[in-house]
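Engineer: Below is a structure I'd like to ask you about.
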């Protein structure tokens, strides 16, 4: 079975990197995975969408995901610009960077303060909290990939141990 994830972020938050690292973690879990960003000539702060497919079988499609099983929203303000829930499968899951649950019906809602975690650890580049490593911890808690594989993928990409700490905190603090 293929599991499809759509990540909504803003340029500079790390959404594209999160998708790539999630695919690496899935690969480390002996799964097939693809990561595909979708953006044009956007600048820092503009909406960006990334797609990840994870499967036990080879993946033969590399395109946008229109009917995801999971939607990740790294910046709730994006919901004022686009509809990240569009096409989400019935009973699908929404992982939201928020300090409180949003009024979203018909879906499983999971919240975690990714921004607060990044700021508390000073994971900030050019004034923007970096959310890619904490969100990987939250995705591991959902069982998308193992936490050990998340740590390995993060360690391969970043030498700074604060990134592992951010993932650990998100894993512990996410409300499911």
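Engineer: Where in the range 1-45 does the amide nitrogen come within less than 11 Å of the point 7 Å from the Cα of residue 125, taken along Cα to Cβ?
Structural biologist: Residues 12-18 qualify, since their backbone N sits under 11 Å from the label point.
Engineer: Order of 153-165, 111-123 by packing, highest average Cβ count within 10 Å first? Spell out each step's value before the answer.
Structural biologist: On the way: 153-165: 15.8, 111-123: 20.9.
The densest-packed peptide leads the list: 111-123, 153-165.
Engineer: On to the next question. Testing the spin-label approximation: label points 7 Å from Cα along Cα→Cβ at residue 79 and residue 55. State their distance in nm.
Structural biologist: Reported label-point gap for residue 79 and residue 55 is 3.1 nm.
Engineer: I've got another one for you. Do the sum for the chain: with -39,500 (n - 2.57) for every DSSP H run of n ≥ 4, divided by all residues, what is the mean residue ellipticity at 222 nm, to the nearest 500 deg cm²/dmol? All intermediate terms of the calculation are to be shown ahead of the outcome.
Structural biologist: On the way: 5 runs with 54 residues, N = 176.
After summing the helix terms and dividing by residue count, I get -9000 deg cm²/dmol.
Engineer: Calculate the translational D of the range 1-61 in whole µm² s⁻¹ from Stokes-Einstein, where the hydrodynamic radius comes from the Kirkwood formula applied to all Cα pairs, the temperature is 37 °C and the viscosity 0.692 mPa s. Please report the intermediate quantities before stating the final value.
Structural biologist: On the way: Rh = 11.8 Å.
Answer from the Stokes-Einstein relation: 278 µm²/s.
Engineer: A follow-up question, please. Taking N as the number of residues in the range 2-173, what is its alpha-carbon radius of gyration divided by 2.2 N^0.38 Å?
Structural biologist: Details: Rg = 14.6 Å, N = 172, 2.2 N^0.38 = 15.6 Å.
After normalising by residue count via 2.2 N^0.38 Å, the value is 0.94.
Engineer: Highest first, please rank the peptides 47-56, 134-143 by the mean number of other Cβ atoms sitting within 10 Å of their residues. Present the calculation step by step, with values, prior to reporting the outcome.
Structural biologist: Values: 47-56: 20.9, 134-143: 25.0.
In descending order of packing, they fall as 134-143, 47-56.
Engineer: Show me the ranking of peptides 88-94, 18-24 by mean Cβ neighbours inside 10 Å, starting with the highest.
Structural biologist: Values: 88-94: 15.3, 18-24: 25.0.
In descending order of packing, they fall as 18-24, 88-94.
FYI, it's all coordinate maths here, none of it is from the lab. Keep in mind it's a predicted model, so treat the numbers as computed, not measured. So basically every Cβ, Gly included, is an ideal-geometry build from the backbone, and we count neighbours across all protein chains shown.
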